[in-house]
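Chemist: One structure, as structure tokens, below. Some questions next.
The values are calculated or read from the model by the stated rules, or taken from the named source; none is laboratory data. What you see is a predicted model; the values in this text were computed from it and never measured. Cβ placement follows ideal geometry from the backbone for every residue including glycine, while neighbour counts extend to all protein chains displayed.
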Amino acid sequence: MPDIYKNGYDNFKIMSLLFAAQIVLGVLPAILLAVFVCCQLYTEPVIGYVFIALMVAGAVANFMISKRYNVLLSGFRGEKTLMRAIKKLGSSYTVFVNLPVRYKKNRSEIDMLLICPDYILIIEVKNHSGKIYGQHKDETWLQKKVYRDGKTTETVMQNPLKQLRRQRDIFKSILAANGIDCWVDTMLYFSSPQVKLYLDLFDNDNVCSNEKELLEFLKTHKSKNPPSAEEAERIKALFKEV
């Protein structure tokens, strides 16, 4: 099993707060309506309008919070799926999870960083389902989902490869500032078993959509310029402090 350093899933606390907020906002309209009727506030038109406005605002807030909660929950599930696969690797791997990186004014958070004798790899995990269409150079990709009742939805997502390239640039800037020059690879991992990819990519765009494919890549990949043993230890020490 690899050495794993986890920064913690900060969004878990946010998810807990959002879940509690959904419960509160879900029952709030019923409470307001009960107060409105029991106290006969309908006899005062101004107060009635205020109560209606409060109920509408609560419903809108609940919708927005629910949407944010579902996004965070999807990401959380994707990272759990990735972690289960990573734990099957050997002791030669060092793993950093949810690693914040910052260089000057540029900052981001890496889902997972792997360091081993053969390579340094940044992994971005997505838990999207359905059909994903996109090209390497596109600013956005398209997600299509077909439901059992025949309903189809289309959602535009930011090209995750661009996010990965930005993370790699920040990471390499940190290494360069510490006198380390070595190749850094990237991997985009779609964790949902209900995903189908229709992507037009370059040869060096590493994308996987199932655990078997991911583990095969991680166990066989060779970097163009792998870190020396000394460089690997320096990088580990540098990010253990984070």
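Chemist: Looking for whichever is modelled with pLDDT of 95 or more and buried (at least 19 other Cβ atoms within 10 Å of the Cβ) here; the options are Ile110, Ile122, Ile86. Which one fits? Lay out the reasoning, then the answer.
Modeler: On the way: Ile110 fails: modelled with pLDDT of 95 or more; Ile86 fails: modelled with pLDDT of 95 or more.
Testing whether each residue is modelled with pLDDT of 95 or more and buried (at least 19 other Cβ atoms within 10 Å of the Cβ) leaves just Ile122.
Chemist: Here is a further query. Could you give me the residue pairs with C-beta distances under 9 Å whose first residue belongs to the range 157-175 and is assigned by TED's automatic domain parsing to the domain that holds Glu231 and among the small types (Gly, Ala, Ser), whose second residue is part of a loop (DSSP other than H, G, I, E, B) and exposed (fewer than 15 other Cβ atoms within 10 Å of the Cβ) wherever it lies, and which are 6+ apart or on separate chains?
Modeler: If the second residue must be part of a loop (DSSP other than H, G, I, E, B) and exposed (fewer than 15 other Cβ atoms within 10 Å of the Cβ), the pairs left are Ser173/Lys104.
Chemist: Might you check whether a residue that is farther than 21 Å from Phe202 by Cβ and loosely packed, with under 13 Cβ neighbours inside 10 Å occurs anywhere in the range 135-147?
Modeler: Yes; the residues of the range 135-147 include at least one that is farther than 21 Å from Phe202 by Cβ and loosely packed, with under 13 Cβ neighbours inside 10 Å.
Chemist: If the requirement is being within 19 Å of Leu82 (Cα to Cα) and surrounded by fewer than 18 Cβ atoms within 10 Å (Cβ to Cβ), which of these qualifies: Asp205, Asp181?
Modeler: From the options Asp205, Asp181, the qualifying one is Asp205.
Chemist: Continuing with the same structure: Can you give me the number of residues within the range 219-242 that are in contact with a helix residue (DSSP H, G or I) (Cβ under 8 Å, 6 or more places away or on another chain) and not in a loop (DSSP other than H, G, I, E, B)?
Modeler: Within the range 219-242, the subset in contact with a helix residue (DSSP H, G or I) (Cβ under 8 Å, 6 or more places away or on another chain) is 227, 235, 238.
Cutting the leftovers down to not in a loop (DSSP other than H, G, I, E, B) gives us 235, 238.
The number of residues fulfilling the criteria is 2.
Chemist: Quick one: what pairs do we get from the range 184-200, first residue closer than 11 Å to Lys131 by Cα, second among the aromatic types (Phe, Trp, Tyr), C-beta under 6 Å, 6+ apart or different chains?
Modeler: Between residues of the range 184-200 that are closer than 11 Å to Lys131 by Cα and residues that are among the aromatic types (Phe, Trp, Tyr), the close pairs are Tyr198/Tyr133.
Chemist: Hey, another quick one. Just to check your reading of the model, which residue among Asp181, Asp169, Asp200, Asp149 is touching a helix residue (DSSP H, G or I) at 6+ places or on another chain (Cβ under 9 Å) and charged (D, E, K, R)? Lay out the reasoning, then the answer.
Modeler: Numbers: Asp169 fails: touching a helix residue (DSSP H, G or I) at 6+ places or on another chain (Cβ under 9 Å); Asp200 fails: touching a helix residue (DSSP H, G or I) at 6+ places or on another chain (Cβ under 9 Å); Asp149 fails: touching a helix residue (DSSP H, G or I) at 6+ places or on another chain (Cβ under 9 Å).
Being touching a helix residue (DSSP H, G or I) at 6+ places or on another chain (Cβ under 9 Å) and charged (D, E, K, R) holds for just one of Asp181, Asp169, Asp200, Asp149, which is Asp181.
Chemist: Is there a residue being modelled with pLDDT of 75 or more, farther than 29 Å from Lys172 by Cα and surrounded by 14 or more Cβ atoms within 10 Å (Cβ to Cβ) anywhere in the range 89-107?
Modeler: Looking through the range 89-107, none of the residues is modelled with pLDDT of 75 or more, farther than 29 Å from Lys172 by Cα and surrounded by 14 or more Cβ atoms within 10 Å (Cβ to Cβ).
Chemist: Which of the following residues is more than 24 Å from the chain's Cα centre (by Cα) and in the same structural domain as Lys137 (by TED's automatic domain parsing): Glu230, Glu211, Glu216? Lay out the reasoning, then the answer.
Modeler: Working: Glu211 fails: more than 24 Å from the chain's Cα centre (by Cα); Glu216 fails: more than 24 Å from the chain's Cα centre (by Cα).
Only one candidate passes the filter, namely Glu230.
Chemist: Could you check the range 207-242 and list, in sequence order, the residues that are without any contact (Cβ under 8 Å) to a residue 60 or more places away in the chain, of a type outside the set (D, E, K, R) and within 22 Å of Lys88 (Cβ to Cβ)?
Modeler: Within the range 207-242, the subset without any contact (Cβ under 8 Å) to a residue 60 or more places away in the chain is 207-210, 212-213, 216-217, 220, 224-225, 228, 230-231, 233-234, 237, 241.
Applying the additional criterion that residues be of a type outside the set (D, E, K, R) yields 207-210, 217, 220, 225, 228, 237.
Across the range 207-242, the qualifying residues are Val207, Cys208, Ser209, Asn210, Phe217, Thr220.
Chemist: Are there any pairs with C-beta distances below 6 angstrom linking a residue in the range 1-26 that is at pLDDT 75 or above to a residue that is of a type in the set (Ser, Thr, Tyr), with the two at least 6 apart or on different chains, and if so which?
Modeler: The qualifying pairs are Pro2/Tyr93; Asp3/Thr94; Gln22/Ser66.
Chemist: Being surrounded by 13 or more Cβ atoms within 10 Å (Cβ to Cβ), at pLDDT 75 or above, β-branched (Val, Ile, Thr) and part of a strand (DSSP E or B): is that true of Ile65 here? Even if it seems obvious, please write down each step before you answer.
Modeler: Details: surrounded by 13 or more Cβ atoms within 10 Å (Cβ to Cβ): yes; at pLDDT 75 or above: yes; β-branched (Val, Ile, Thr): yes; part of a strand (DSSP E or B): no.
Taking the combined requirement at face value, the residue does not satisfy it.
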